[in-house]
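What follows is calculated from the coordinates using simple rules that are stated; it is not laboratory data. Remember, predicted model here, so these are calculated numbers, not experimental data. Glycine also receives a Cβ, built like all others from the backbone with ideal geometry; neighbour counts cover every protein chain displayed.
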There are 2 protein chains.
Amino acid sequence: MATDNTVLLGHGSGGQMMKRLIDEVFLEAFGSPELLVGNDSGVAELAPTGRIAMSTDSFVVTPRFFPGGDIGRLAVCGTVNDVATSGAHVRYLSCGFILEEGFPMDDLLRICSSMAKTAEEASVRIITGDTKVVERGGVDGVYINTAGVGEVPEGVELSGGACRPGDVVLVSGTLGDHGIAVMSQREGLAFSTTIESDAAPLNHLIAAVLTAAPRTRCFRDPTRGGLASTLNEFAAASNVEIEVDEDAVPVLPQVQAACEMLGYDPLQVANEGKMVAVVPADEADAALEAMRASRYGENAAIIGRVSELAPAARPRVLVRTPWGSTRILDMLVGEQLPRIC
Amino acid sequence: MATDNTVLLGHGSGGQMMKRLIDEVFLEAFGSPELLVGNDSGVAELAPTGRIAMSTDSFVVTPRFFPGGDIGRLAVCGTVNDVATSGAHVRYLSCGFILEEGFPMDDLLRICSSMAKTAEEASVRIITGDTKVVERGGVDGVYINTAGVGEVPEGVELSGGACRPGDVVLVSGTLGDHGIAVMSQREGLAFSTTIESDAAPLNHLIAAVLTAAPRTRCFRDPTRGGLASTLNEFAAASNVEIEVDEDAVPVLPQVQAACEMLGYDPLQVANEGKMVAVVPADEADAALEAMRASRYGENAAIIGRVSELAPAARPRVLVRTPWGSTRILDMLVGEQLPRIC
């Protein structure tokens, strides 16, 4: 913005300065037809399937810029991926900024440019937004909320509660990259240069899998809490046991090394560009092939299977280790790494 | 929540503590069928009109509890009202919390209860959500983002750019209540006991006006920047002049007195439960009657009219004073009152 180097309280006033911020920063970056009309809500076409999927995420990641991404790319990917897990055709995003007085305008421009680029990659449009500015100390720089909407095609009924004994579990690529990239950047660790965040929009990958494996039970992106949370949620919702072959789970060697050094389990570390899918056994190969043929899916793998609960047993997730033993994979207890996304 | 008195970092972990927070606080308060399914996006029915309206707002108001409302009621009303201004039937909300470590759980419960009650009043459902917890000092207590979606009925085309010379401007009630209520609470001013925020969901009022005055040009809720911003936006988008009769604008005497004391123009003070409408002259009486018959519209008034720009003149808003003179009503310059919503 030509006129201001930093964000000022007046940029959140609803008055002239806010209009200038909207015109020169947000409309410049996101200028969808719906935004340019300048009304308080974006009106947009939606295929009349009769059902929508909606999701939201707030992003508070620190640092704001990290190897492989930034808070803007995350803010688009996170919500696109969550909406896409329903099988919906993701169409529109809203975007709410909470800015700290004094935030560098150049950083805001860079974040908006990253959001616009990622939205274009995901074929979604930002059609409405909001900006609040709070006094110094009221927020740490910038937090972003996005919400997303898409139309759910007829007949598509995906749910974490739909897993059945015999189903197969796939993951679309290596686990733990995002968590370790952010953490290493934050702590200035030596291995930081070789690990990049995986932040990516996966709606096109999901669409490809659904075409190849139309009876897919569910998708979920293993973000906070990692694969462990996702599979435990599936097991509980479907009342089943899920077994994972530890050897089959793709993990980059440098991520594995970092996890060992830090005492983390890669299965509990956050990802921002990976998708877990559960599919019927007879569609597993087709799903795997579709993932591998998709951008961001080249390292996809079949990593486990769903089985029936023993009588009176509780839903759980087991990991079969390379040595043939099994351990229970629990959801994370406490907090591993605050502000990872 | 039985087990925790304050919000802890672990409540944002994606692990067990977060699951407990979601189950015991959010599902308890908002338990819509879409949320209870427990997937990453809410899937819900939407009438297949082929168009949606979407809007979003983040809420950072301080104090969080004030006469006439709280941040939770604001968070629902603000987004409901923005979506409704398109003429859409508002249906669903998303909700994203950013919580500070140490935030009292009782306050969170109270806020959620207020949101649930307001959502019920507005006939909308919260179908998806997100929670982030940041370390002490990373946010001031709690910030809430909501996004909303509704279906736009066929043939409805409302826009701030649709005002035409001869149209009439209405407002649904007294101006300035919210801004002065929050400000007086914040500053501990003596008149604080008699002024309450007007925070209210106005989608039912809008629907009533649209039925009575189907050729309504546009609605907008005059929040930050007040009536001044709303009318200047309309004038610029429609390339017209708008004239307001100062005498006709409803302002509570105690709000007027506070504004005089503080040097504010009530036409620039924020509202959270008022609607501005522009309608063709021949539908003005019907629109007014519909407003007055609606909850929250008993003090509605016709306050001005739209006229043609003189050749080469720029869009502007004029106020005709009780003494017959006119002054230009500009958008707010700078920031009047940070964190008003």
At A:Trp323, label 7 Å along Cα→Cβ: distances to the other copies, nm, ascending?
9.2
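Multiplying the sequence separation of B:Arg215 and B:Glu120 by 0.36 nm and subtracting their Cα-Cα distance, what value in nm do you get? Present the calculation step by step, with values, prior to reporting the outcome.
Working: separation 95, 0.36 × 95 = 34.20 nm, distance 2.89 nm.
Gain on stretching B:Arg215 to B:Glu120: 31.3 nm.
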At A:Thr6 and B:Thr194, where each label point lies 7 Å from the Cα along Cα→Cβ, what is the point-to-point distance in nanometres?
4.2
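Please figure out what share of the DSSP beta bridges in the protein assembly as shown is antiparallel and state it in percent, rounded to the nearest 5.
Values: 87 of 115 bridges.
The antiparallel fraction comes to roughly 75 percent.
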Cα-based Lys proximity count in the protein assembly as shown, under 28 Å, for pairs eight or more positions apart or on separate chains
15
Sum of -39500 (n - 2.57) over DSSP H runs of 4+, divided by residues of chain A (222 nm, nearest 500)
-8500 deg cm²/dmol
Residues in the stretch A:1-41 near a label at B:Asp330, defined as backbone nitrogen under 14 Å from the 7 Å Cα→Cβ point?
A:15-18
For B:Cys77, A:Cys163, what ranking results if the residue with the fewest other Cβ atoms within 10 Å of its Cβ goes first?
A:Cys163, B:Cys77
Can you find, among B:His11, B:Ala162, B:Leu27, the residue sitting farthest towards the positive end of the charge dipole of chain B, where Lys and Arg contribute +1 and Asp and Glu -1 at Cβ?
B:Ala162
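Given a Förster distance of 56 angstrom, what is the FRET efficiency for A:Arg20 paired with A:Glu260, based on the Cβ-Cβ distance and rounded to 0.05? Walk me through the numbers on the way to the answer.
Values: r = 51 Å, r/R0 = 0.91.
Given R0 = 56 Å and the Cβ-Cβ separation, E is 0.65.
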In nm, one decimal, shortest first: how far is the label point of B:Ala312 (7 Å from Cα along Cα to beta carbon) from the matching points in the other copies?
9.4
Exposure-ranked with fewest Cβ neighbours within 10 Å first, A:Glu308, B:Glu335 stand as A:Glu308, B:Glu335
In degrees rounded to 10, the 0-90 angle between helix A:226-238 Cα long axis and the longest Cα principal axis of chain A is 70
In degrees, nearest 10, the alpha-carbon axis of helix A:105-121 is tilted away from the dominant principal axis of the alpha carbons of chain A by 50
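Just to be sure I follow the definition: excluding the sites themselves, where is the longest run in chain B that has none of the trypsin sites (Lys or Arg not before Pro) in a DSSP loop with at most 14 other Cβ atoms within 10 Å?
On the way: sites that count: B:Arg136, B:Arg215, B:Arg295.
In short, B:1-135.
Using a/c under 1.5 as the rounded threshold, could you call the protein assembly as shown rounded, prolate or oblate? The axes a ≥ b ≥ c are square roots of the C-alpha gyration tensor eigenvalues, and prolate needs a/b larger than b/c, oblate otherwise.
Values: a/c = 2.07, a/b = 1.87, b/c = 1.11.
Prolate, since a/c reaches 1.5 and a/b exceeds b/c.
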Give the shape of the stretch A:160-328 as rounded, prolate or oblate, defined through the alpha-carbon gyration tensor: a ≥ b ≥ c are the square roots of its eigenvalues, a/c under 1.5 means rounded, and otherwise the shape is prolate if a/b is larger than b/c and oblate if not.
oblate
Under a Cβ-only charge scheme (Lys and Arg +1, Asp and Glu -1), can you give me the dipole magnitude of chain B about the Cα centre, in debye to the nearest 20?
280
Could you tell me the center-to-center distance, by alpha carbons, between the stretch B:77-150 and the stretch A:285-336 in angstrom?
34
Relative to the other copies, what are the label-point distances for B:Pro165, with labels 7 Å from Cα along the C-beta vector, expressed in nm at one decimal and sorted shortest first?
7.9
Report, in degrees rounded to the nearest 10, the 0 to 90 angle that the Cα long axis of helix A:71-84 makes with the longest principal axis of chain A.
50
Antiparallel versus total DSSP beta bridges in the stretch B:9-151: what percent is that, nearest 5?
70
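Only Lys, Arg, Asp and Glu count, each charged at its Cβ (+1, +1, -1, -1), so figure out the dipole size of the protein assembly as shown about its Cα centre, rounded to 20 debye. Display every interim value, and only then the final one.
Values: 52 positive and 90 negative charges, 28 e Å.
Its charge dipole is roughly 140 debye.
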In chain B the DSSP beta bridges are antiparallel at a rate, in percent to nearest 5, of 75
How far apart, in nm, are the 7 Å Cα→Cβ label points at B:Arg314 and A:Ser113?
3.0
Describe numerically, in nm with one decimal, the distance between label points set 7 Å from Cα along Cα→Cβ at B:Asp247 and at B:Ala47.
4.3
Using a 10 Å cut-off around each Cβ, can you sort A:Leu309, A:Leu205, B:Leu36 from fewest to most neighbouring Cβ atoms?
B:Leu36, A:Leu309, A:Leu205
